[in-house]
Amino acid sequence: MIEQQLKKMENEAGICKRCPLCEKRTQSVFGTGNPFSELMVIGEGPGEEEDKQGLPFVGKSGQLLDKILAAGGFSRQENVYIANIVKCRPPGNREPSPEERSACLPFLLLQIELIRPSIIILLGATALKGLVDPNGKITQVRGKWMEWQGIQVMPTYHPSALLRNPDLKKDVWADIKLVVQKYREIVDPAHACERL
């Protein structure tokens with residue numbers, strides 16, 4: 001049932017014309033992973049590779065994200081669902097405008113409602129601003145638990161920021177350790193993680 005509803009929404013996103021991002025997309029990029037996950041990861045929007053393949057986080061940032069998740073004992077196949085604030089690629093990979101984020105937000109809110117995660121990881125400032133706090137600053141709130149509509153939310157840096165500045169990796173690892181602890185606390189006390 002959930003899979004069917006998500007597929008229907010994905011089809012709607014594929015023909016959506018709510019904002020100008022639809023004009024240059026190859027295809028919309030809806031979401032991927034296990035729809036029965038207790039952990040959801042939300043990023044900014046599709047890049048070039050994502051636009052080509054129709055899947056979120058498949059480029060260099062996505063490969064790094066998979067490594068980060070794996071270090072915490074998570075994978076998109078088993079226990080993570082991944083989506084973005086906007087479903088179409090902003091030209092030149094620019095940050096989506098507030099209007100574009102608002103136009104696309106109903107899709108994300110429905111995804112969250114269907115998946116019903118216990119924990120959300122927000123990757124970067126755009127995800128933070130788009131879902132939780134329009135004036136939020138990722139440098140001020142990363143690593144600090146927030147609650148949004150009864151869901152535990154951990155903001156952290158976007159993998160693309162780590163590719164530009166590898167010094168941020170230690171901060172993200174600290175945040176993932178907090179996510180693992182919370183996951184064990186509220187989802188699965190036996191969650192296996194080789195590095196923790």
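The values are calculated or read from the model by the stated rules, or taken from the named source; none is laboratory data. Owing to the predicted nature of the structure, the values given are computational and were not obtained by experimental measurement. Heads up, the Cβs are rebuilt from the backbone with ideal geometry, glycines too, and the neighbour counts pull from every protein chain shown.
Here is how the numbers come out for the structure above:
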read-out: Filtered residue count, segment 5-36, keeping only those that are in a loop (DSSP other than H, G, I, E, B), free of Cβ contacts under 8 Å to residues at least 40 places away in the same chain and more than 17 Å from Asn84 (Cβ to Cβ); value: 2
read-out: All positions within segment 146-162 that are loosely packed, with under 14 Cβ neighbours inside 10 Å and on the phi < 0 side of the Ramachandran plot; value: Glu147, Trp148
read-out: Single match in Lys177, Lys170 (criterion: more than 14 Å from Ile42 (Cα to Cα), free of Cβ contacts under 8 Å to residues at least 24 places away in the same chain and either surrounded by fewer than 21 Cβ atoms within 10 Å (Cβ to Cβ) or of a type in the set (A, V, I, L, M, F, W, C) (or both)); value: Lys170
read-out: In segment 97-111, the residues that are in contact (Cβ under 8 Å) with a residue 60 or more places away in the chain and under 14 Å from Val29 (Cα atoms); value: Cys104, Phe107, Leu108, Gln111
read-out: Output for segment 38-91, where each listed residue is more than 12 Å from Arg25 (Cα to Cα), among the acidic types (Asp, Glu) and out of contact with any His (no Cβ under 8 Å at 6 or more places or on another chain); value: Glu38, Asp66, Glu78
read-out: Number of the condition not met by Ile151 [criteria: (1) among the aliphatic types (A, V, I, L, M); (2) touching a residue at least 24 places away in the same chain (Cβ under 8 Å); (3) closer than 23 Å to Arg94 by Cα]; value: (3)
read-out: Residues (out of contact with any helix residue (DSSP H, G or I) (no Cβ under 9 Å at 6 or more places or on another chain) and either crowded, with 20+ Cβ neighbours inside 10 Å or in contact (Cβ under 8 Å) with a residue 40 or more places away in the chain (or both)) located in segment 55-96; value: Gln77, Glu78
read-out: Val187 of a type in the set (A, V, I, L, M), surrounded by fewer than 20 Cβ atoms within 10 Å (Cβ to Cβ), within 17 Å of Ser75 (Cα to Cα) and at pLDDT 95 or above; value: yes
read-out: Helices (runs of 4 or more DSSP H) fully within segment 51-144 counting 3 or more residues that are within 18 Å of Ala161 (Cβ to Cβ); value: 60-71, 125-131, 138-141
read-out: Checklist (1) closer than 24 Å to Pro46 by Cβ; (2) surrounded by 13 or more Cβ atoms within 10 Å (Cβ to Cβ); (3) of a type outside the set (D, E, K, R); (4) at pLDDT below 95 applied to Cys193, failing item; value: (1)
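Results for (1) closer than 27 Å to Glu3 by Cα; (2) at pLDDT below 95; (3) more than 13 Å from the chain's Cα centre (by Cα), shown as yes or no for each residue.
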{"site": "Leu65", "(1), (2), (3)": "yes, no, no"}
{"site": "Ile85", "(1), (2), (3)": "yes, no, no"}
{"site": "Leu108", "(1), (2), (3)": "yes, no, no"}
{"site": "Ile112", "(1), (2), (3)": "yes, no, no"}
{"site": "Pro134", "(1), (2), (3)": "no, yes, yes"}
{"site": "Arg142", "(1), (2), (3)": "no, no, yes"}
{"site": "Tyr157", "(1), (2), (3)": "no, no, no"}
